[in-house]
Structures are given as structure tokens and as C-alpha cells.
């Protein structure tokens, strides 16, 4: 054979072998990190049970934050604590490349656990109203933190597999919708690098372990809490003509605000107004001076959000005017913007994980009307992706189906994940996502 032809063939073979080696390296990211998580299952499980047994409410996550910070320091990260309350920031610089943020939340919920698992929380505390409440990680933040610790350990030990700066965020007060903003207000993206991408995972109570789900675009809702006080003029229940009844006024208001969604919002735009609480009066035969209502308001777009809030204020005033009452008080608080998953980032991660985990294990996510203040980081110009992580193994899901009962949802006192399988998948999927966004230099 001619020497030139031999050289061309050898060159082609070299390129082919290089391409196959590169492909093997890329497609093995999930397998490699999953194998590491499996080998370290016992210590990750112990860490998870520590988080689960010792939950802390929003703005009170002092020990939780310290425990997570210690894990990140052991993995080689430069750690700063008390950013925006009990927020934690961990940085690991590993050469030139993008900055990728991985965020976990820290706080638990005021729920008394009813799972009967051996490591169940028995914590009880006084809440802001001086009422004793149980505390539980019923939303899976203990899983989120354990996965973040696992990702830190794995990528800290395998720095040859990525290049750039890994930024870990332990965010407080997610359940109050306030922690992300608190960290941003204390200079999160000025004191520390502003990330090129932001990633997070979230437990899914109805998705089987080993599977994840994601979607681009709007994924979770704007959330606003609205407190309304309607004023009346109290008196004897036997002489209503001498009073202004705030409960009747409230009944009119509750019915009227339902028409905001049905008649003022485009039918194709998701919107919810729910009255979760109404309180007035002290006795059967007394008409009260006021009635207090608590509303949760959900939407996706800023336009719809403004329509809903403006409509609530307008209809509260209208209800008061209709009975000659004083102008009501309407207070909007704890607002969280909708979560928008960057479509390009979502498509990139979905493709990479689909190739590595199998497309049957990477599913299309669905829009929900729950809220997530992870969205605040997106409002600062960071492309975001939050994906859902399956937490209940298929055998348990099948058993629930056979019994005809619903799977306990997040925020249920009976929810618990199959943590070994969940953590293994979470560490694998998140580590591979990070590596996809900052691959090693060839």
C-alpha cells in the first residue's frame, strides 16, 4: 500500500479511536458518579438520617447550615457561612472554565411526622406565635442537602473530570420564599462569582427512583400571600340592621374574587386564587367588627400576577363600598416569582442525561402551581434548570396503586423517600450535569 494511503488510514483510525474514547468518557459520567455514590452509600445514608432527625424551621437553620458547611469544607471547598441569615456558599476553583452553581435548600416544615420510620423526626419547637409544633423534612430538603454533599465529595475527588468553578449554595428559608432574596440582598453575586449556569434538583413524591423529569420554560408559579381585613360595625346578632356585618361582606368578596380568574384572565393562562383561612367573631350572637382572610395567589406571567393582585384589591374595596363599610386593608407578602427553566440549558442537560441514563429514565416534566424561590437567581440573569428527582421505588408505587390509595405527597406528614436509591440517582444526575456544563480540557 502507498505510504500516503497508509498515513491517511492511520490518521482516520486515530481520530475514530479518539472520538470513541471521548464518547466513552462523556457517556460514563453518570455511571462513574453513580458507582461512587453506591460505594459511599453507607456514609451518605448516615448523613441523610442526621439531616432528617434534626430538622430546623425557616430562618432557624443554624445547625443544619453548620453540618452542610462542614461537609463542603471536608471536600476541599472554600466555605463562607451566614450569607443572608444561615446561607452557606462553597467555592471550588479548578482551572479555567465556566462557573456553575448548584443550590440546595436547608429548611424544614412545621409538620409532626407520622411515617413511623426508625429515624423519624421527633423535634418540637415554638413557632413565631409561641405555639409548639412538630418539625419535619416533608419536602425532601434533607435529600437535596445530602445530594449536594455527595456532589461536592465526588467532584472534589475527581477534579480531572471537569474544569471551571463549582459554586455550591445552601439556601435558607425556601419554605417562606425569602431565603434566595436574603442571600442576593447580602451581595451573593457581588461578593462571590456570578454563575454562568444555575442547577437544582427537587424531590418528586410520585416519580419512581432512578428517574428524573424536566421541562423548559415556566415550571413553577408566582406565589403571593394576601392578607385581607374587612371592617364592619359590630353588635348584637339579633339586631343586624344596626350593624355592618363583616362576615356577609367577606362572603360576597370570596365569591367575587373567583370571577377574576374566570373572567379577567386569559383562559389559557394558569391562575389560582384560594382562600385558605377566614376568621371573624367570638360568639354565636355577636356580629364582629372585622373579618380576616388569608389568600394564596398563583400565576406564571407577571401580567397575570398583576391582574390577580389588582383584582383582589379592587373587589375588596367594592365589597366594603357595597355595605357602607370602611376601606379594607389588603397586604401582599411573601411573594415568590415564577420559576423559568432556561430552554437551551434544559435541552442540553436533557440530551446529555438521556444519552447516559436512557431516555426512558429522563422524562418530560409538567408545570405545577407550587412555588420555588430558586427563581430569584434567574431574575438576576442566571440561566436556571431545576429538575425533579424520583424518590419512591417502583414496588412501593405499585403497592399504592394496588391498594387504590394516593402516594403521600410532599408536605404530607406521611411522606418519606427511599433514600438510598434516591441519593444515588441524585448525585449521579447532578454530577453529570455539572460535568456537561464544564467538561475537562482535552
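Values quoted throughout were computed directly from the atomic coordinates according to the rules given, and no laboratory measurement underlies them. The structure displayed is predicted, hence computed values, not measured ones. All Cβ positions, glycine included, derive from the backbone under ideal geometry; neighbour counts span all protein chains shown.
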For residue 351 and residue 275, what does the FRET efficiency come to when R0 = 45 Å and r is the distance between their Cβ atoms, rounded to the nearest 0.05?
0.55
Tell me, in nm to one decimal, what length is gained between residue 317 and residue 163 on full extension, where the rule is 0.36 nm per residue of separation less the Cα-Cα distance?
49.7 nm
Quick calc: nm separation of the 7 Å Cα→Cβ label points for residue 31 and residue 117 -> 3.0 nm
Spin-label zone in segment 87-107 - amide nitrogen under 13 Å from a point set 7 Å from the Cα of residue 441 along the C-beta vector:
94-98
Ordered by fewest other Cβ atoms within 10 Å, a rough proxy for footprinting exposure, 245, 185 read 185, 245
List the residues of segment 262-278 whose backbone N lies under 19 Å from a point placed 7 Å from the Cα of residue 310 along the Cα-to-Cβ direction.
262-273
Work out the FRET efficiency for residue 185 and residue 406 from their Cβ-Cβ distance, taking R0 = 35 Å, and round it to the nearest 0.05.
0.35
With the crude spin-label approximation of a point 7 Å out along Cα→Cβ, what separation in nm comes out for residue 292 versus residue 43?
5.0 nm
The extension gain from residue 62 to residue 93, computed as 0.36 nm times the residue separation minus the Cα-Cα distance, is 8.5 nm
Quick one: among 75, 200, 251, which has the greatest mean-square fluctuation in a GNM of the chain with alpha-carbon springs under 10 angstrom?
251
Determine, for each peptide in 325-338, 140-153, 158-171, the mean count of other beta carbons within 10 angstrom over its residues, then list the peptides with the highest first.
140-153, 158-171, 325-338
Quick check: residue separation of residue 380 and residue 239 times 0.36 nm, minus the Cα distance between them. What number comes out in nm?
45.1 nm
At R0 = 45 Å, FRET efficiency that the Cβ-Cβ distance of residue 262 and residue 78 yields, to 0.05
0.25
Picking from 38, 431, 277, which is most flexible by a Gaussian network model of the chain using Cα springs under 10 Å?
277
Part-to-part distance (alpha-carbon centres) for segment 251-320 and segment 145-175, which is given in Å
42 Å
Please report the equivalent ellipsoid semi-axes of the chain, computed as sqrt(5 x eigenvalue) of the Cα gyration tensor, largest first, in whole Å.
48, 24, 21
Ranked from fewest to most other Cβ atoms within 10 Å of their own Cβ, 53, 414 fall in the order 414, 53
Max mean-square fluctuation residue, GNM over the chain, Cα-Cα springs under 10 Å, options 403, 385, 339
403
Ranked from highest to lowest mean number of other Cβ atoms within 10 Å per residue, what is the order of the peptides 104-115, 296-307?
104-115, 296-307
